[in-house]
Every structure is written in structure tokens, then in C-alpha cells.
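Here the structure is laid out as C-alpha cells; the discussion comes afterwards.
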Amino acid sequence: MGKIADSELIINSDGSVFHLHIRPEALADKVILVGDPGRVDLVGPYLSDIESSSSSREFRSVTGSYRGVRMTVLSTGIGCDNIDIVMNELDALANIDFATREVRPVKRRLTVLRIGTCGVIQPDIPLGSYIFSRVSAGFDGLLNWYGGRDEVVMKDVEEAFLAHVDWSPYLPTPYFVKAGDVLTELFSDCTVPGMTVSASGFYGPQCRVVRLPLAMPDLLEKLETFSFKGLRFTNFEMEGSAIASLARKLGHEAATVCLGIAQRSVKHADADYKSLMGSLVELCLNRLSELR
């Protein structure tokens with residue numbers, strides 16, 4: 001591939017990557033992603049032997065150890081557009097020599113787990129459930145900007161879904177991507193198996209009506225009734241598809257697990273979920289620490 005130009009990968013004067021402000025040596029092999037920068041303060045205190053921290057815009061990070069396993073906690077902000085930055089810069093930190101600007105011959109494989117919140121689609125999944133996105137359905141369109149998208153998507157599910165709905169031609173083509181196999185197995189006994197919609201917004205793209213009408217007013221019902229080879233839609237969130245798809249393209253292990261805080265079918269939400277999120281964080285840290 002040769003030398004990567006300054007304009008394509010911007011490196012700050014302190015040797016850190018442009019947006020995340022993390023230096024290559026400060027990145028652990030196991031990375032926990034959270035949306036809210038304030039949630040780094042929830043996860044960070046579990047870590048010992050803190051070796052580095054950084055803060056730039058919505059991107060805050062801390063690297064330390066949990067039960068002897070080195071981990072980096074990083075906030076991403078909201079949306080798949082931010083994940084495009086996060087996943088590309090994490091991979092650059094792992095697999096590009098910042099001194100020579102060349103791709104390293106031996107690739108480093110990261111394990112990336114997003115911990116977030118979500119809205120539940122199916123009425124039989126109670127609030128407070130931990131939903132693991134075994135499949136992420138990208139309604140955001142991000143993967144479609146990269147070559148070879150069909151190499152990582154589940155085309156049969158995509159085609160079945162498009163046949164099930166009257167998809168608007170003005171919207172990006174959906175894509176369906178599996179989570180990493182190792183993380184899927186690791187969380188199989190303690191989470192609800194999910195097929196998760198990653199939406200490009202919180203209101204209209206997740207079928208919420210406040211004042212503006214929806215382009216596809218029956219989409220939520222279509223999502224609830226879709227079924228294909230045992231797969232059904234379980235929840236909405238806003239980042240998982242970009243994480244899963246870019247990780248597969250770049251050769252990393254990645255997945256998303258979310259706490260259900262809104263039940264869309266019965267139109268109920270629980271804004272007081274902080275204690276439940278703490279329990280999910282502990283579960284994720286304990287499970288990741290099993291990977292040596």
C-alpha cells in the first residue's frame with residue numbers, strides 16, 4: 001500500500017491520532033466503547049494501574065487494567081458517523097506505524113465491545129434486559145461508502161427484509177452484519193440474543209413521532225413482525241452496525257450489548273436506569289477479563 005499521506009491520516013504533534021488524541025502505545029487490545037463521555041467515569045473507576053487518559057471533544061479515554069487484563073475505555077459520542085472516526089482511528093493506532101506511515105506487516109486484532117442503551121422492539125422483551133446484537137442492521141448507510149460491502153453482509157437477510165417492507169428509495173440501503181464469533185459465544189448465556197437496528201437518528205429514524213410525520217409510518221410494525229430463519233428485530237440503537245461492519249472489514253472482533261430502557265410497543269420508558277447500567281458494566285468487564 002505504501003506510505004499513507006498526511007491528509008489521509010492526520011497525526012497530532014504529540015504523536016496521537018487526530019480525533020481520539022490517543023497515542024499508539026496507550027491503546028490496549030481490549031477496548032470498551034461508550035457513547036456518553038460521562039460514562040467513562042462510570043467504567044474508569046473499575047480499572048487499576050491507570051497508565052494514560054485523554055480528552056478531545058466527545059472522545060474521552062482511559063487505559064488501565066481490570067483483573068490483570070489491560071483495557072481501554074473510550075467514549076464515542078452519538079451516531080455511526082462518529083463510529084467511522086473511532087473504528088478507523090483505532091485500527092490506525094493498532095496497525096499503522098506512525099513513524100513511517102506504513103501499514104504494519106503483522107496485524108494486531110482488537111476486541112471492541114460497545115456498552116450502550118436501546119429501545120426494545122418486541123413486547124415480550126422486558127425493560128432492563130441486556131440485549132446482545134448478534135446481528136446489526138445498518139439503516140445508517142455507512143458501510144455502503146466502502147468497497148466490498150457484500151463481502152461482510154448477510155445478503156439473504158437483507159433481501160428478505162427489503163421484500164418485507166416498502167423501503168423508501170430516498171433512504172440508504174440497509175445492511176446486516178454479524179457480531180464477532182468470540183464475543184457472541186462469550187455473552188451467549190447472560191444476554192438476550194438480538195438483531196438490532198442501528199438508526200441514523202433518535203426520533204424519525206427510530207419511528208418516533210413528536211411533531212413531524214414519518215416517511216414510513218408502518219415501519220415499527222414491519223420490524224416487529226419480520227422473521228427470517230429464526231431472526232427477529234429486538235431493539236433500536238445508533239452505533240452497532242458501524243462497529244460490527246468496519247471491524248469485520250478491518251479484521252477485528254467486535255460487538256454491541258445494550259440495556260433496554262424504552263419499550264416501543266407499549267410506549268413506556270425508564271429514565272432511571274443508572275444502577276442497571278452499572279451492573280451491565282460489571283458483567284462486561286468480567287466477561288472481557290476472561291479473554292487472555
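The values are calculated or read from the model by the stated rules, or taken from the named source; none is laboratory data. Predicted model, so just to flag it, every value in this text is computed and none were measured. FYI the Cβ positions are ideal-geometry reconstructions off the backbone, even for glycines, and counts take in every protein chain you see. The protein model used for the area step is the full one, side chains on, heavy atoms only, and it has no ligands, DNA or RNA in it. Shrake-Rupley method; radii C 1.70, N 1.55, O 1.52, S 1.80 Å.
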- Taking a Cβ-Cβ separation under 4.7 Å as the criterion for a possible partner, which cysteines of the chain have none? Cys80, Cys190, Cys207, Cys284
- Task: Assuming R0 = 45 Å, can you tell me the calculated FRET efficiency for the pair Lys3 and Phe202, based on Cβ-Cβ distance, to the nearest 0.05?
- Result: 0.65
- Message: 7 Å from Cα along Cα→Cβ at both Glu25 and Ser56: what's the point-to-point distance in nm?
- Response: 1.8
- Query: Using the scaling law 2.2 N^0.38 Å as the reference, what is the normalised Cα Rg of the range 209-290?
  - Reply: 1.38
- Of all accessible surface on the range 128-287 at a 1.4 Å probe, what whole percent is carbon and sulfur? 54
- Stick to the Cα atoms of the chain, pair each with every other, and give me the Kirkwood hydrodynamic radius in Å at one decimal. 19.5
- Message: Which order do the peptides 167-175, 254-262, 197-205 come out in when sorted by mean C-beta neighbours inside 10 angstrom, highest first?
- Response: 254-262, 197-205, 167-175
- Item | Charge tally in the Cβ shell below 13 Å around Cys284, where Lys, Arg are +1 and Asp, Glu are -1, Cys284 excluded | +3
- Given a cut-off of under 8 Å on Cα pairs at least six residues apart, what relative contact order in percent is computed for the chain? 23
- Item | Packing-based order for 135-146, 239-250, 8-19, using average beta carbon neighbours within 10 Å, highest first | 239-250, 135-146, 8-19
- Message: Whole angstrom only: what separates the Cα centroid of the range 115-163 from the Cα centroid of the range 39-99?
- Response: 24
